[in-house]
Structure formats: C-alpha cells, structure tokens
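The values are calculated or read from the model by the stated rules, or taken from the named source; none is laboratory data. Since the model is a prediction, treat every value here as computed from it, not as a measurement. Cβ sites come from the backbone with ideal geometry, for glycine too, and all protein chains shown count toward neighbours. Heads up: the accessible areas ignore ligands, DNA and RNA and are worked out on the full protein's heavy atoms, side chains in. Shrake-Rupley method; radii C 1.70, N 1.55, O 1.52, S 1.80 Å.
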There are 2 protein chains.
Amino acid sequence: MVDILHRIGAESSTADVYRALTTIDGLAGWWTENTTAAGDDVIRFRFALPQGEDGFDMKVLETEPGTLVHWEVVQGPEEWIGTHVRFELAQEDEYAVVMFRHEGWKEAVPFMNHCSTKWAMFLMSLKRLVETGKGEPAPHDVQISNWH
Amino acid sequence: MVDILHRIGAESSTADVYRALTTIDGLAGWWTENTTAAGDDVIRFRFALPQGEDGFDMKVLETEPGTLVHWEVVQGPEEWIGTHVRFELAQEDEYAVVMFRHEGWKEAVPFMNHCSTKWAMFLMSLKRLVETGKGEPAPHDVQISNWH
C-alpha cells in the first residue's frame, strides 16, 4: 500500500478551509466546477478531459468541523476505487494547515505519479480560494502534462 | 520505506530537460539560484529560509543522456540523508515526460508531506524553465505554507 502525501498552509482559518471541503460551492471553487451532491453522503466530481468525461464519487465517511474530512472513493478509475482521501486541519498561527493523504493505492503505477502532482496543484487552488476568494477548479486547472 | 512520486510533461525535448537536470545553470534555473559544483560529483543546493540557510548536497550516481538522472542525498536534513532522487525521462509526442521519485524515506513524517508538495512546485518550475526559458527557482519559488 502506498500513499500520496501533501501539506499546504493557507493564510485563513480552519473554519474557512473546512467549508471549502464540505460544501458543494466550496468544492466547486477549487477542485472541479462540476461538483454535485449525489445523495447518501456521496459527492460527485466530474472532469471534461480530451478522452471524455471522467471523475470520482466520494462517500463522506467522517467530518469534524475545523479538524477532519475523510472520504472513500466509491466510483472512479479502477486504481482509485476503495482508496481513502483525508484532509486533517490545524491552525498554526495565521495559517490553516492541511495535512493531506490519499491512501490505500495498491501499487505505485505511473497514474499515481500523475495524481500526486495534480493533487498538489488542486491543493494550491484550495489555498488560493480561501485566501483570495478565487481558486482554479477544473476546467480552469493548471495543466501539468500530456495527461492534463 | 515510503516514496514521493510525481509526473510532469514539458512541451520540449528530453535533451532540454536533461540539460536542466545536469548543468549548474540548468539546476539554478528551476530549483535554487544558489547551486554550485562541490567536486567529486557532488552538487550543492542552498536555500535562504526564515530559520537560516538550509539545503542539500546531492551525489550524482547515474546520468544517461535524455533518459535518467539519479542522485543520492549526502548532506541535508536528517530525513533526507541516504534517500535517493530519480528523474526518468521519456519523449511522448511533443512532451518530455519526467517520472520523478524521491525514495527511501524511513517514515512518513509531516516534513515528507511538505517536501512532496514542494517538489511538485519545483517540477512545475522545471517545466516552465524548459518551455519558456524562465523557471521559479528559490528565492523566487512559490510559497506553499508557513514552512515556505
């Protein structure tokens, strides 16, 4: 089992970051504009890619205001299904720090390298959203390679 | 043992990326302006941080033009010493793809989360350098948190 790890700090409150991680408007402001509630604690994220529409359905397993958001991937690319995504939040002086972990990958396939870099860019988009009011969600996300 | 993985693709040739990874000028153009040759196949990278000067000495273990650059960390933060950094290059149509791995971390400490996100930003700086001629090396690098 291998994990993707990241850490960012936004000059904001953990309450603001928590809101960006737990509301449809918030999530649509940094990850993908095509974010919808799918019922039964599932949030649906969709991306228009050159090869067609793609995306993930996340089941919200845990939320603790200002502290934790924990999802399980219930639909998406085969490598993602059954993996977990955790955002742990903590206030450190003027920074809301996000410790990020996408855990439970079966093996370190090249797609995992891609997703690791892409997560970094989206976490920077989250930082920008809470700091400035404007993130870079798909389809306005930073392109990192031929895999977008 | 846990690894940091990333993947970027630059609209350029693997020869250009290889040059940016194996010359002092190239490395100073995307990672840190304070890059110097330290003899015996060691390259010295230094960063001015709020808490003082910090950095890494890398021993170049392998270089294969247009294909591979492989370093061992011989000086730096305790968590880095003895870890290895690998850049594997491949041309995919108009993209020079970099498969990146910083491997051999003893444990997934919070500093590893930080370094993972920071590597992503520096690899995007490498992409920008070979695509546009101008990267974002330290001290002009993107700040990601209270840890810089």
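Under the condition of being part of a strand (DSSP E or B) and touching a Leu at 6+ places or on another chain (Cβ under 6 Å), which residue from the range B:67-81 is most open to solvent (accessible area, probe 1.4 Å)? Before you say what the answer is, go through the steps one by one.
Here is the first cut: in the range B:67-81, the ones part of a strand (DSSP E or B) are B:68-75.
Subset that is touching a Leu at 6+ places or on another chain (Cβ under 6 Å): B:69-70, B:72.
Values: B:V69: 0, B:H70: 19, B:E72: 56 Å².
Only one residue tops the list, namely B:E72.
In the condition set (1) away from chain B (no Cβ under 14 Å); (2) in contact with a helix residue (DSSP H, G or I) (Cβ under 8 Å, 6 or more places away or on another chain); (3) at pLDDT 95 or above, A:P77 is compliant with all but (3). When B:H84 is tested against the conditions (1) within 14 Å of another protein chain (Cβ to nearest Cβ); (2) surrounded by fewer than 21 Cβ atoms within 10 Å (Cβ to Cβ); (3) in contact with a His (Cβ under 8 Å, 6 or more places away or on another chain), the lone failure is (1).
Regarding B:A90, is this residue modelled with pLDDT of 95 or more, crowded, with 19+ Cβ neighbours inside 10 Å and assigned to a strand (DSSP E or B)?
Numbers: modelled with pLDDT of 95 or more: yes; crowded, with 19+ Cβ neighbours inside 10 Å: no; assigned to a strand (DSSP E or B): yes.
So B:A90 does not fit the description; no.
Go through (1) under 12 Å from the mean Cα position of the chain (by Cα); (2) buried (at least 16 other Cβ atoms within 10 Å of the Cβ) one by one and return the number of the condition B:T22 breaks. Here B:T22 clears every test but (2). For the range A:93-119, filtered to residues that are of a type in the set (A, V, I, L, M, F, W, C) and within 12 Å of A:G9 (Cα to Cα), the residue that is surrounded by the fewest Cβ atoms within 10 Å (Cβ to Cβ) is A:M99.
Cβ separations smaller than 9 Å between residues 6+ apart or across chains give the following pairs from the range A:2-15 residues that are more than 7 Å from chain B (Cβ to nearest Cβ) and hydroxyl-bearing (S, T, Y) to residues that are open to solvent by less than 10 Å² (accessible area, probe 1.4 Å) and assigned to a strand (DSSP E or B): A:S12/A:A96; A:S13/A:A96; A:T14/A:A96; A:T14/A:V97; A:T14/A:V98. Name the one entry in B:M99, B:M121 that is under 20 Å from B:E33 (Cβ atoms) and out of contact with any Gly (no Cβ under 6 Å at 6 or more places or on another chain). So the residue among B:M99, B:M121 that is under 20 Å from B:E33 (Cβ atoms) and out of contact with any Gly (no Cβ under 6 Å at 6 or more places or on another chain) is B:M121. Note on the range A:120-148: residues that are more than 8 Å from every other protein chain (Cβ to nearest Cβ), open to solvent by less than 40 Å² (accessible area, probe 1.4 Å) and either touching a strand residue (DSSP E or B) at 6+ places or on another chain (Cβ under 6 Å) or hydroxyl-bearing (S, T, Y) (or both) total 4.
Taking the condition of being touching a residue at least 12 places away in the same chain (Cβ under 8 Å) and at the interface with chain B (Cβ under 8 Å from one of its Cβ atoms), how many residues in the range A:102-118 meet it? First the steps, then the outcome.
Here is the first cut: in the range A:102-118, the ones touching a residue at least 12 places away in the same chain (Cβ under 8 Å) are A:102-109, A:111-112, A:114-118.
Right, trim to at the interface with chain B (Cβ under 8 Å from one of its Cβ atoms) and you get A:108, A:112, A:114, A:116-117.
Matching residues across the range A:102-118 total 5.
Selection over the range B:16-66 of residues that are among the charged types (D, E, K, R) and assigned to a loop (DSSP other than H, G, I, E, B) gives a count of 3.
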